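Data first, discussion second: the structure below is written as structure tokens.
The values are calculated or read from the model by the stated rules, or taken from the named source; none is laboratory data. No experiment lies behind these values; they were computed from the predicted model shown. All Cβ positions, even for glycine, are placed from backbone atoms using ideal geometry, and neighbour counts span all protein chains on display.
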Amino acid sequence: MKGHCYLITLLIICLSFSKGKFSADYEVVPLPQEITYLRQSGFILNQFTKITFEKGDSLLERNAHFLRDYIKELAGISLEITHDKQDTNNIALKSSLQNEVNDSYEISISDKQIVINGAGLSGTFYGIQTLRKSMLPGSNGKTVFFPSVKIKDFPRFSYRGMMLDVGRHFFSVSEVKELIDLMALHNMNHFHWHLTEDQGWRVEIEKYPKLTTIGSTRKDTKINHNTGEFEETGKMYGPFFYTKNEIRDVVAYAQKRYIEIIPEIDLPGHMLAAIASYPELGCTGGPYEIAVKRGVYDDVLCIGKEQTFNFVKDVLSEIIELFPYEYVHIGGDECPKVRWKACSHCQQKAKELNLNADKYHSVEDQLQSYFISRIEKFLNSKGKQIIGWDEILEGGLAPNATVMSWRGIEGGIAAAQMKHKVIMSPSQFLYFDYYQSRDVTKEPFTIGNYLPLKKVYDYEPQPNELTDEEKKYIWGIQGNLWTEYIKTRENLQYMMLPRMDALAEIQWTLSENKDYQNFLKRFKKMQYYYDKNGLIYSKSFLDAEILTKPDSDKASLWVEMSTPDNAPLFYTLDGSTPTTKSEKYTGQFRVSQSSELKVLAYRGDGQDNKIQTKVININKATFKSITLKHRPSSRFTFEGENVLIDGILGNTNYTDGTWIGFHGKPLDAVINLGDVKTVSELVTAVYLRLDNRVFGPAEIKIELSLDGESYVEVFSKKYNVSPQGSLIGRSEMKCQFTATDAKYVRIIIRGTDKIPQWHISRGGTPLLFIDEFILN
Ligand SMILES: [Zn+2]
């Protein structure tokens, strides 16, 4: 870690001085940019220490109260707050640091006092957060020793955000405040509040009372997968919404913690709750039903009617009154155009505007662009700026819009090149509703995908495609919590933590100061805080990494295992449950026959011990050469075709790289066995996750050849389309045929042609995920 100056001998003196006392440690999350230990021992905080601030500065006084509460919580000591001038045994709060970035601060700790000096009040607040976290895990009512230090700190990005979707599932004011507190702990400063959805409208609008009397309810609470199987509870969901007073309360609460709230009214798609309340706002006039399951819905706001614009302006007028900030998020994402195409009002409007399709944009794309620009103009006239999802780039970007890049990083790159401000929140790195584990069987049900802690941590928000000048348009980074499948506070925390810690560090800490192993050590303090406060977090980041590679004899494989915290590993190969009496892992070992590897990471009795399983199958196809006629889907290629013959069966998470996925094209593979072998069976597996458009096969064919030229078909079978309500998970396909000699085996697996009518993505092309080929 560059920028950190450790004077080891002094540190040893400090530590010996602190013997018997609790000693603060400034290596917190997010890591400050510069920590320099000084030639003094340090400051002892005791019950006589006072918190001082400049007389008459009520905002510094407010910061002082936060500090007092934190110290009381961690050290059990309640300090006096005073504006008396004092320069010994005190913590002085100031906001006079000369730095143009308000959020920057310095902490100077001598034998006599601690001084926290922010460039702005927010800087002082972040200095307080660092001091607070340096006291974790807490001193239990004793004195605290602070080694003498100079900390210089500032954020890498000025926008440091978290988003919560309260449309799919509602979270109460106290739950939202709990999230805001966590954001403050992580030096975050923008809370993006996604307030409206197809599944519910969550904010009181006086001019349109039905938005909450009708729009905040839905007839069902179905929340499992979209196979069409409803989890009927017979109970209406809602009414759930925030009154204006509750919103004001949350705004004030966040403001005290230097957090701005970005309200989102998602337009013109994702508006089903609004048009179900006021059907005249849709193209067809309804009736409409508020969505009870996830998806993208065709019924959106009608852009051909002036009434729609009046509605949107009225709603936004009330919104900007509630949120005294510069930015309003107006969505702009996932807006199907089928209704506009068929709507006489919308088509008439396109004619009036003289919109014509061009090479890049349909008439309807341009209608959306017209809508967004008109709303932007309205908000600009009120002194506000808009933020939109990256779809607002389509059909021409509104002149002053800030782009939130979510479908990868491409939208962010394009917007930055157009000199628009960008917030990066690419789904593959920052969507915290994704799985954190390779083993999903014990995880809460999620929308899918795989986003482990390390992947979040390693995300670099300023892409190399941008010049240094363009990189300046990356305003910041945001983690998103979509709640289709998240319905409780505990579930929300589990999905958010510890990925929020990794997010905090990519938002705040300079990339040259980042180090994942070091981060994990520092995270232990946060773990203590979470445990103490009853917060729930995932421990999947402790999972053992099990790596395999073929031996040069191409008949066996090497297994290499590790854990991020170096917990000892014990394993069995016969499928039996490993204990500390099982074989202890001391280094890579070789497996030359099919085995069920079970690994125990042991951290002490009652600790985070976990058993993981890998099924190894060494058969006639293992490690042979394989070629594919068609490439897999670029999103799901991972390490490529060798995954199919690597001797390792896929994990329960089909997106972790142990499976490969095809889209539109069939799997058409030839395995060269090297020698002529007698074969009579192929076992493979597909994954079913119909809500994510992952369907089973339509047909499997196997052909054999001795010369690689002429093939003879030995197996062919057609399959029915996976029915609605199919179980999620691995589905084994066993293909048996007459024993035949072959050197080449051709396997063709054709996926389902079209997504069936009952599915929300009806008519689309499904994905096909394939696991290991086992040839016997
Ligand atoms: Zn219309």
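Numbers for the structure displayed
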quantity	calculated
Residue within region 392-413 that is more than 16 Å from the ligand (Cβ to nearest atom), touching a residue at least 60 places away in the same chain (Cβ under 8 Å) and of a type in the set (D, E, K, R) present	no
2 or more residues hydrophobic (A, V, I, L, M, F, W, C) and either crowded, with 22+ Cβ neighbours inside 10 Å or modelled with pLDDT of 90 or more (or both): qualifying strands (runs of 3 or more DSSP E) within region 1-105	34-45, 50-53, 90-94
Pair list, Cβ < 8 Å and 6+ apart or interchain, from region 716-728 residues that are among the hydrophobic types (A, V, I, L, M, F, W, C) to residues that are surrounded by 14 or more Cβ atoms within 10 Å (Cβ to Cβ) and assigned to a loop (DSSP other than H, G, I, E, B)	721/695; 721/696; 721/752; 721/756; 728/225
Verdict on residue 388 being more than 16 Å from the ligand (Cβ to nearest atom), more than 17 Å from residue 269 (Cα to Cα) and touching a helix residue (DSSP H, G or I) at 6+ places or on another chain (Cβ under 8 Å)	no
Hits in region 342-354 - residues which are part of a helix (DSSP H, G or I) and within 11 Å of the ligand (Cβ to nearest atom)	342, 344, 345, 346, 347, 348, 349, 350
For residue 676: the one exception among (1) surrounded by 19 or more Cβ atoms within 10 Å (Cβ to Cβ); (2) outside any loop (DSSP other than H, G, I, E, B); (3) not hydroxyl-bearing (Ser, Thr, Tyr)	(1)
Condition met for residue 274 (of a type outside the set (D, E, K, R), without any contact (Cβ under 8 Å) to a residue 60 or more places away in the chain and within 16 Å of the ligand (Cβ to nearest atom))	no
Residue pairs meeting the criteria (Cβ under 8 Å; at least 6 apart or on separate chains; first at pLDDT 95 or above, in region 285-309; second within 12 Å of the ligand (Cβ to nearest atom) and of a type in the set (Ser, Thr, Tyr))	299/284; 301/308; 302/308; 304/344
From 191, 157, 125, residue being more than 21 Å from residue 69 (Cα to Cα), of a type in the set (A, V, I, L, M, F, W, C), modelled with pLDDT of 95 or more and not in a strand (DSSP E or B)	157
The listed residue being more than 16 Å from the ligand (Cβ to nearest atom), touching a Phe, Trp or Tyr at 6+ places or on another chain (Cβ under 9 Å) and either aliphatic (A, V, I, L, M) or outside the structural domain of residue 245 (by TED's automatic domain parsing) (or both), out of 296, 363, 300, 292	292
Hits in region 282-310 - residues which are buried (at least 16 other Cβ atoms within 10 Å of the Cβ), more than 33 Å from the chain's Cα centre (by Cα) and not hydroxyl-bearing (Ser, Thr, Tyr)	283, 304, 305
Region 312-341: number of residues that are part of a helix (DSSP H, G or I), within 16 Å of the ligand (Cβ to nearest atom) and crowded, with 16+ Cβ neighbours inside 10 Å	3
Test: residue in region 742-759 that is touching a strand residue (DSSP E or B) at 6+ places or on another chain (Cβ under 9 Å), surrounded by fewer than 18 Cβ atoms within 10 Å (Cβ to Cβ) and closer than 30 Å to residue 435 by Cβ	yes
Region 136-154 - residue that is of a type in the set (A, V, I, L, M) and in a strand (DSSP E or B) and, of those, surrounded by the fewest Cβ atoms within 10 Å (Cβ to Cβ)	151
Condition check for residue 535: closer than 30 Å to residue 70 by Cα and in a loop (DSSP other than H, G, I, E, B)	yes
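For every residue, the table says whether it meets (1) within 21 Å of residue 732 (Cα to Cα); (2) touching a strand residue (DSSP E or B) at 6+ places or on another chain (Cβ under 9 Å); (3) surrounded by 13 or more Cβ atoms within 10 Å (Cβ to Cβ).
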position	(1), (2), (3)
590	no, yes, no
599	no, yes, yes
605	no, no, no
622	yes, yes, yes
643	yes, yes, yes
